[in-house]
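Read the structure below first, then the notes.
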Amino acid sequence: MRKEFILTAEGVSKSFDGFKAINDLNFYLDAGELRTIIGPNGAGKSTFLDLITGRTRPDDGQIEFKGTPVTKKTEYQIYRMGIGRKFQTPSVYSDHTVYENILLGLKGSRSVWSAIFGRVTPAQNEQIYHVLEIIHLKDKAQVRAGALAHGQKQWLEIGMLIAQDPELMLVDEPAAGMTDEETARTGELLLSLAGKHTIIVIEHDMVFVRQLASKVTVLHQGHVLCEGSLDHVQNDERVIEVYLGRKKKHDAIHPEH
Amino acid sequence: MQTSFRKTELWGIGIGAIIILGILPALNAFTPESNIFHISDFTINLYGKYLCYAVLAISVDLLWGYTGLLSLGQCLFFALGGYAFGMHLMLLIGKLGQYHSDLPDFMVFLGYPALPPHWVPFRSFWFAAAAVVLVPGFLALVFGFLAFRSRIRGVYFSILTQALTYGACLMFFRNDFTFGGNNGLTDFKFILGYDVRSAATQRCLFMATGVLLILTYVFCRWLTRTKFGKIQRAVRDSENRFLFSGYAAANFKLFVFVVSAIIAGLAGALYVPQVGIINPSEMAPDKSLEAVVWVAVGGRGTLIGPVVGAIAVNALKSWATRAFPDLWLIILGAMFVIVVLFLPKGIVGLPAQLFALFKQSAVYLKKKSEQPGIAAELPLKAPDSQYEKRIHPHR
Ligand SMILES: Nc1ncnc2c1ncn2[C@@H]1O[C@H](COP(=O)(O)OP(=O)(O)OP(=O)(O)O)[C@@H](O)[C@H]1O
Ligand SMILES: [Mg+2]
């Protein structure tokens, strides 16, 4: 039964200085699935990705990828198991060119030796340009990544993820700071990747979430509040309470909002 | 643009090589002292020291400027290379020492019955030469392994390297550590069968240092242009992204750390026969700090910067310590502050900085004259789409 899931998290908890960022979280993901996680600020969405990718270790509970626990592994070991990640704030190498960013993300040997003596093969070069074409940055190949617009940086980081070609992609707020048109294109891009990869997307933008038309998990105070289609969760009493209830309280404290 | 840059660089290396390996030694050897172009033995010796410092500075920059690892203990490796070669020179003195013993003078003085076993193989030049590379390399390997595996970064790494060199300094100060204690190793007589103090030998040592500098430069230029070089900068700029792109960052840092320790050790080995002494003060913490200042002043993250910085600051030091002996540390500190505040790219970055400033002011003036155009570029969004977009209250 458990074997069917590509990713399972059971009873996972994580506190920071006594504050429970993740609280008895249970999460199951089918292989090949596209899943969207939503939830208010501070719900623990990014922390959950940190736990999967080895950036932080859980206090309690187990996370398994294809049946292998990841909680004791280092970042690069987890990467090599086939998990890739895009950060919430776009993390690209701003002093490197767009081309070099993709090159450094490209699947392949990660040894010191190959870094010194390896050459970029024509096949790799082609692959890099293929990725650049997908993310619409082909004509910017030799531009410094730091000079890109915010949305393009987001795409570049998604490009590094595509170049890595992991089984499981973790994509944290890919559309943040994008125009509506860019957001729609990002949605199309993720949908086109969905067939080949298992993907978790974290997003606040409901138009975008609707476009993905995937199963949605609502996270609240480090716990899964509710799961199902977007329409289902939007009509769930608890979800409305979490979003709207907090809004009322928030407005009561800050009437000027 | 890339190719033309490399061409000028090749020219620069070529001209540098001609000056260091041809013109300066020739002026020293073949012009009479009365000639205004004559370079004295003292000066050649001083320049040789500067070149050693330049190599050391490149090793600091390979770590700091290229990889973001600010080592405040690089002189430890420099001094270890110096000690390894100094031990060999010490044993070449033979019976010509003050006590006319086979043992080095300090050992007679401290009452050693015989040469300590770990000194014996240093009779061989090749063993000593190997030790020059292996001792700094091995220490860097062990220390780096422990530090990088425990994810010691940033200022913690800097403090730890400083502590390491300080600890080693204290050890070498002890007489029972068998390396001459306070006085270190000195009074060298021969090197490879030649009189180490003769003008001809010193000239050859100067040229050898020139060769080391050029080789170091070319090696580092090559290394920093490979994918490894891109990785160095990736570690420096975004170690997080790098880790989560599947690289074991510790291995890459360890490699650079060891390479730069070896480079520093080689520089130290050539330094010792030219200054005629190596003692624990060479690994005192302030020496390593000074080396960092050279790199900052010259321009970090470039290869020419450290060379320019090491030579310029030391030339200034030679002059200032004679002109204002009490003020040197203040001058050095002031220089560092000025560079950090106003010249982030050092001396070699100055032309580009001035050019950028010039361009910026030109753009600013132009913008000012066409102000009204800006409002038209403000983004317009339909309010209802904004509303549907976020059910999130805080944004
Ligand atoms: N390394 C850390 N140290 C201390 N507190 C942390 C750490 N990481 C996360 N937190 C805290 O855990 C809580 C959850 O943060 P997290 O970033 O996971 O929220 P999120 O759901 O991603 O929110 P957002 O929508 O704003 O990105 C926050 O209160 C945050 O301050
Ligand atoms: Mg987040």
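The values are calculated or read from the model by the stated rules, or taken from the named source; none is laboratory data. Note that this is a predicted model, so its numbers are computed, not measured. Glycine gets a Cβ as well: all are built from the backbone with ideal geometry, and neighbour counts include every protein chain shown. Please note that ligands, DNA and RNA were not included when accessible areas were found on the heavy atoms of the full protein model with its side chains. Shrake-Rupley method; radii C 1.70, N 1.55, O 1.52, S 1.80 Å.
List the residue pairs whose Cβ atoms are under 6 Å apart, where the first residue sits in segment B:276-301 and is among the hydroxyl-bearing types (Ser, Thr, Tyr), the second is open to solvent by 10 Å² or more (accessible area, probe 1.4 Å), and the two are 6 or more positions apart or on different chains.
Every condition considered, the pairs that remain are B:288/B:72.
Go through segment B:215-303 and tell me which helices (runs of 4 or more DSSP H), entirely inside it, have 2 or more residues that are over 30 Å from residue A:125 (Cβ atoms) and not hydrophobic (A, V, I, L, M, F, W, C).
Numbers: elements: B:227-237, B:239-243, B:249-275, B:285-298.
Answer list for segment B:215-303: B:249-275, B:285-298.
If you go through segment A:139-153 one residue at a time, do you hit one that is surrounded by 20 or more Cβ atoms within 10 Å (Cβ to Cβ), touching a Pro at 6+ places or on another chain (Cβ under 7 Å) and modelled with pLDDT under 95?
Checked against the condition, which is being surrounded by 20 or more Cβ atoms within 10 Å (Cβ to Cβ), touching a Pro at 6+ places or on another chain (Cβ under 7 Å) and modelled with pLDDT under 95, segment A:139-153 yields at least one hit.
Does segment A:87-97 hold any residues that are more than 9 Å from every other protein chain (Cβ to nearest Cβ) and modelled with pLDDT under 95, and which are they?
Keep residues of segment A:87-97 that are more than 9 Å from every other protein chain (Cβ to nearest Cβ), which gives A:88-90, A:97.
Hits for segment A:87-97 are A:88, A:89, A:90.
Is there a residue being open to solvent by 70 Å² or more (accessible area, probe 1.4 Å) and within 15 Å of ligand 1 (Cβ to nearest atom) anywhere in segment A:29-38?
No, segment A:29-38 contains no residue that is open to solvent by 70 Å² or more (accessible area, probe 1.4 Å) and within 15 Å of ligand 1 (Cβ to nearest atom).
Are any residues in segment B:207-235 at the interface with chain A (Cβ under 10 Å from one of its Cβ atoms) and open to solvent by 20 Å² or more (accessible area, probe 1.4 Å), and if so, which ones?
B:222, B:227, B:230, B:233 - these are the residues of segment B:207-235 that are at the interface with chain A (Cβ under 10 Å from one of its Cβ atoms) and open to solvent by 20 Å² or more (accessible area, probe 1.4 Å).
Across segment A:155-179, which residue is farthest from ligand 2 (Cβ to nearest atom) among those that are open to solvent by less than 10 Å² (accessible area, probe 1.4 Å) and among the β-branched types (Val, Ile, Thr)?
Among them, the one singled out is A:158.
Please report, ordered by residue number, the strands (runs of 3 or more DSSP E) entirely within segment A:1-95 with at least 3 residues that are more than 13 Å from ligand 2 (Cβ to nearest atom).
Output list reads A:5-16, A:19-30, A:34-38, A:60-65.
Confirm whether residue B:78 is without any contact (Cβ under 8 Å) to a residue 60 or more places away in the chain and assigned to a helix (DSSP H, G or I). Outline the logic, then answer.
On the way: without any contact (Cβ under 8 Å) to a residue 60 or more places away in the chain: no; assigned to a helix (DSSP H, G or I): yes.
No.
Can you name the residue in segment B:319-354 that is in a helix (DSSP H, G or I) and within 16 Å of residue B:302 (Cβ to Cβ) and, of all such residues, is least open to solvent (accessible area, probe 1.4 Å)? Let's see the steps before the verdict.
Keep residues of segment B:319-354 that are in a helix (DSSP H, G or I), which gives B:319-323, B:328-342, B:350-354.
The next check asks that each one be within 16 Å of residue B:302 (Cβ to Cβ); those that pass are B:339, B:350-353.
Details: B:339: 11, B:350: 65, B:351: 87, B:352: 65, B:353: 64 Å².
If we take residues in segment B:319-354 being in a helix (DSSP H, G or I) and within 16 Å of residue B:302 (Cβ to Cβ), then B:339 is least open to solvent (accessible area, probe 1.4 Å).
Looking at segment A:51-60, which of the residues that are within 16 Å of the chain's Cα centre (by Cα) and more than 7 Å from ligand 1 (Cβ to nearest atom) is most open to solvent (accessible area, probe 1.4 Å)?
My answer is A:55.
Collect the residues in segment B:92-133 that are part of a helix (DSSP H, G or I), touching a residue at least 12 places away in the same chain (Cβ under 8 Å) and among the charged types (D, E, K, R), keeping them in residue-number order.
Correct list: B:105, B:123.
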